[in-house]
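**Student:** For reference, the structure I am asking about is given below.
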Amino acid sequence: VSSDLTTPGPTDWSRPLVCPILIGRQHELKILRYRLASAWIGGAVFLLGDPGVGKTRLVSELLAMSETADVFPVRVACLEPERAEPYSLITKIVETVGLSLDLLCDRAGSSTGRLRQIGHALRTSLVRLTAGKPLVLAIEDLQWSDQSSLAVVLSLVERPSNLLLLATLRTSPLPGDVAKFLAETNRLRVSTEIVVRPLERADVARLIYATLNLAAPVPSWTTL
Ligand SMILES: Nc1ncnc2c1ncn2[C@@H]1O[C@H](COP(=O)(O)OP(=O)(O)OP(=O)(O)O)[C@@H](O)[C@H]1O
Ligand SMILES: [Mg+2]
């Protein structure tokens, strides 16, 4: 990743308009790197913020370091229509890592005890897959998780283990059950919340220039 913004060049409109470098976010990255380096103690990190503010970008930057950090990354995303489907998130995790769905079917039911059992069985199976490396489970858009999956995810992180949960959430607004889930991880003292705020104006200008592969922003742009 280059941080050279001074060389003007033509904008290539055929490539996706994604900023080639991460702008700002040093503070957020510092916390994330620390949690990645100590992924073996588990817990959860939540990236909270408005749509488009840069939550997913931070997850991508962190997961790009997985190899160096010697962790086993798994990434899934919740979708809005799946919120009404029980176990949709957990099913996705199970399928993504190639585990058998029997894990869920054998324990079907929605009592708290059952959901915790599923969580513990899933954690054991996930941790077994990673050949001793800590597992980093990245869940995008957790605000759209179904309720039964949330209960299972809670039991994945409620005790120290080799599994670090990294989740993004839109906060506008947070559904009640998701807010309760966050409060519970907070009560258990296993979570860190990072509020991702909009970039400063000068950084927005840098982002636009870097995305369009233009020369460094002239100072007057940054004060608009
Ligand atoms: N700090 C940054 N540096 C460079 N590009 C960024 C930065 N933050 C965000 N972007 C870019 O802005 C766009 C939107 O960011 P992103 O997808 O991470 O937002 P989000 O918070 O996950 O949004 P949503 O809630 O819709 O999922 C992406 O193209 C991303 O690469
Ligand atoms: Mg996102």
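The values are calculated or read from the model by the stated rules, or taken from the named source; none is laboratory data. These figures come from a predicted structure and were not determined experimentally. With ideal geometry, Cβ positions are generated from the backbone for all residues, glycine too; neighbour counts draw on all protein chains shown. Heads up: the accessible areas ignore ligands, DNA and RNA and are worked out on the full protein's heavy atoms, side chains in. Shrake-Rupley method; radii C 1.70, N 1.55, O 1.52, S 1.80 Å.
**Student:** Binning every alpha carbon pair distance of the stretch 111-224 at 10 Å from zero, what are the percents per bin?
**Tutor:** 12, 33, 23, 16, 13, 3, 0
**Student:** Separate question: Which log10 I(q)/I(0) values does the chain give at q = 0.07, 0.09, 0.12, 0.17 Å⁻¹ under the Debye formula, counting every alpha carbon as one identical point scatterer?
**Tutor:** -0.26, -0.42, -0.69, -1.18
**Student:** In the full protein assembly as shown, how much of HIS27 is accessible to a 1.4 Å probe, in Å² to the nearest 10?
**Tutor:** Here the residue's solvent-accessible area equals roughly 130 Å².
**Student:** Next question, about the same structure. Tell me the net charge near ASP146. Cut-off is 10 Å between Cβ atoms, ASP146 excluded, with +1 for each Lys or Arg and -1 for each Asp or Glu.
**Tutor:** Every neighbour counted, the sum reads -2.
**Student:** Among SER145, SER100, SER191, determine the one that fluctuates most according to a GNM of the chain built with springs between C-alpha atoms less than 10 Å apart.
**Tutor:** SER100
**Student:** Let me ask something else about it. Once neighbouring chains are kept in place and the probe is 1.4 Å, which whole percent of the accessible area of the chain is contributed by carbon and sulfur?
**Tutor:** So the carbon and sulfur contribution to the accessible surface is 57 percent.
**Student:** A further question follows. Please give the helix 176-187 orientation as an angle from the longest Cα principal axis of the chain, in degrees from 0 to 90, rounded to the nearest 10.
**Tutor:** Result, in degrees: 90.
**Student:** For the stretch 19-107, evaluate the Debye formula with one uniform point scatterer on each Cα (no solvent term) and list log10 I(q)/I(0) at q = 0.14, 0.18, 0.25 Å⁻¹, rounded to two decimals.
**Tutor:** Debye output, listed in q order: -0.67, -1.00, -1.33.
**Student:** Under a Cβ-only charge scheme (Lys and Arg +1, Asp and Glu -1), can you give me the dipole magnitude of the stretch 52-104 about the Cα centre, in debye to the nearest 20?
**Tutor:** On the way: 5 positive and 8 negative charges, 44 e Å.
Roughly 200 debye for the stretch 52-104.
**Student:** Continuing with the same structure: What is the magnitude of the charge dipole of the chain about its Cα centre, with +1 placed on the Cβ of each Lys and Arg, -1 on the Cβ of each Asp and Glu, and no other charges, expressed in debye to the nearest 20?
**Tutor:** 560 debye
**Student:** In addition: Give me the accessible area per residue for the chain, probe 1.4 Å, as a whole number in Å². Don't jump to the answer; show the numbers that get you there.
**Tutor:** Values: 11650 Å² over 224 residues.
Per residue, the chain has 52 Å² of solvent-accessible surface.
**Student:** Separate question: Mind ranking ASP70, ASP177 by accessible surface for me, highest first, 1.4 Å probe?
**Tutor:** ASP70, ASP177
**Student:** In whole angstrom, note down how far apart the Cα centers of the stretch 47-98 and the stretch 164-181 are.
**Tutor:** Value for the Cα centre distance between the two parts: 13 Å.
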